[in-house]
Amino acid sequence: QIDISYNNNNPDSGSYYNADRTATVTITERNFDAKDVVITITNTDNVIPDIPAELLDWKEVVGTGNKDNTTYTATIVYSADGDYTFDIAYTDEAENVCPGANYAANTQNATEFTIDKTNPVIRVSYNNNDAANGNYFDAIRTATITITEHNFVENRVVFTRNAARGGTNPNIAWTHNGDTHIATISYTTDGDYTFDVTMTDMAGNNSGAANYGNSVAGKDFVVDTTFEDMITIGGIENGKAYGYSDDVI
């Protein structure tokens, strides 16, 4: 008989965990030999816990009577990031085949799950950093947001944006390439803008503050590409001569 339990059954979403998982494997068998335990583990990142089973540290608890209730217990620690699959089979010395493992009642994602303990990384850059008076730009700006994250989903990216004085929040265009996810935002309309971005991955890891690098006025800026002749002069007429008693205002 094979019984398995896990110490971490709190995924952030679906089958994604942001902390180690330890599987406790207990085999009840009188004629036990670790080499007969077949454990199959895969990981997309190719880091596998200690297998085969004879490398595990099995703890024996001797049973009573004919010793059929003798147990052997070992733990498997999943500490590396990756998408895991797990399977186990056992045939005892008398060629009795275990029909399948029993998983503890509270166990979630016993045979397929993801460990992700790596925080997302966000970098923000602009194509236009030529500001006047600190944060005023006389040409359009395009922001490029680069997120490095394996377990990424767009709806977990949180943009904090505001547009005022005629400005409108532009659309966000995404491109994806493996673990690199790039959003571009082009500010083509005159206005006052505020901007920031964070994200949480599918395992619940938070990016923290974005890295703006050498960006000028990355979070608060004004786009003003229009010059209008707003200056008028009144109170006098062009080319007129004024006498001593005339008011020239």
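A few comments on the model shown:
- Just so you know, in segment 197-207 the residues that are part of a loop (DSSP other than H, G, I, E, B) and touching a strand residue (DSSP E or B) at 6+ places or on another chain (Cβ under 7 Å) include one that is farthest from Phe152 (Cα to Cα), and it is Ser207.
- Test for Glu93: is it touching a residue at least 60 places away in the same chain (Cβ under 8 Å), in contact with a strand residue (DSSP E or B) (Cβ under 9 Å, 6 or more places away or on another chain), acidic (Asp, Glu) and surrounded by fewer than 16 Cβ atoms within 10 Å (Cβ to Cβ): no
- Among the conditions (1) under 36 Å from the mean Cα position of the chain (by Cα); (2) open to solvent by less than 30 Å² (accessible area, probe 1.4 Å), the only one that Ile27 does not satisfy is (1).
- Look at (1) more than 35 Å from the chain's Cα centre (by Cα); (2) open to solvent by less than 70 Å² (accessible area, probe 1.4 Å); (3) not small (Gly, Ala, Ser) and you find that Asp3 fails only one, number (1).
- Lone qualifier among Ile185, Ile147, Ile172 - being open to solvent by 50 Å² or more (accessible area, probe 1.4 Å) and aliphatic (A, V, I, L, M): Ile172
- Filter result for Lys67 (in contact (Cβ under 8 Å) with a residue 60 or more places away in the chain, open to solvent by 60 Å² or more (accessible area, probe 1.4 Å) and among the basic types (Lys, Arg)): no
- Inspection of segment 105-113 finds a residue satisfying the criterion of being hydrophobic (A, V, I, L, M, F, W, C) and not in a loop (DSSP other than H, G, I, E, B).
Residue by residue, here is whether (1) more than 28 Å from Pro11 (Cα to Cα); (2) acidic (Asp, Glu); (3) open to solvent by less than 40 Å² (accessible area, probe 1.4 Å) holds:
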position	(1), (2), (3)
Asp33	yes, yes, no
Val38	no, no, no
Thr42	no, no, no
Lys59	yes, no, no
Gly63	yes, no, yes
Ile88	no, no, yes
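- Some residue of segment 91-102 being among the β-branched types (Val, Ile, Thr), outside any loop (DSSP other than H, G, I, E, B) and closer than 30 Å to Thr24 by Cα: yes
Okay, residues lined up against (1) touching a residue at least 24 places away in the same chain (Cβ under 8 Å); (2) more than 30 Å from the chain's Cα centre (by Cα):
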position	(1), (2)
Ser15	yes, no
Ala23	yes, no
Asn31	yes, yes
Lys35	no, yes
Val38	yes, yes
Thr42	yes, no
Val47	yes, no
Glu54	no, yes
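- Near pairs, Cβ below 9 angstrom, 6+ apart or cross-chain, from segment 96-119 (closer than 11 Å to Ser5 by Cα and open to solvent by less than 40 Å² (accessible area, probe 1.4 Å)) to any residue that is in a loop (DSSP other than H, G, I, E, B) and charged (D, E, K, R): none
- Asp138 vs. criteria within 25 Å of Phe227 (Cβ to Cβ), open to solvent by 60 Å² or more (accessible area, probe 1.4 Å) and at pLDDT 95 or above: yes
- Only one of Val216, Val222, Val158 that is part of a strand (DSSP E or B), β-branched (Val, Ile, Thr) and open to solvent by 30 Å² or more (accessible area, probe 1.4 Å): Val158
- Remark: Ala241 matches the filter, which requires a residue to be loosely packed, with under 13 Cβ neighbours inside 10 Å and outside any strand (DSSP E or B).
The values are calculated or read from the model by the stated rules, or taken from the named source; none is laboratory data. What you are looking at is a predicted structure, and each value in this text was computed from that prediction instead of being measured. Cβ atoms come from the backbone with ideal geometry, glycine included; neighbour counts cover every protein chain shown. Areas reflect the complete protein model, heavy atoms only, side chains present, ligands, DNA and RNA absent. Shrake-Rupley method; radii C 1.70, N 1.55, O 1.52, S 1.80 Å.
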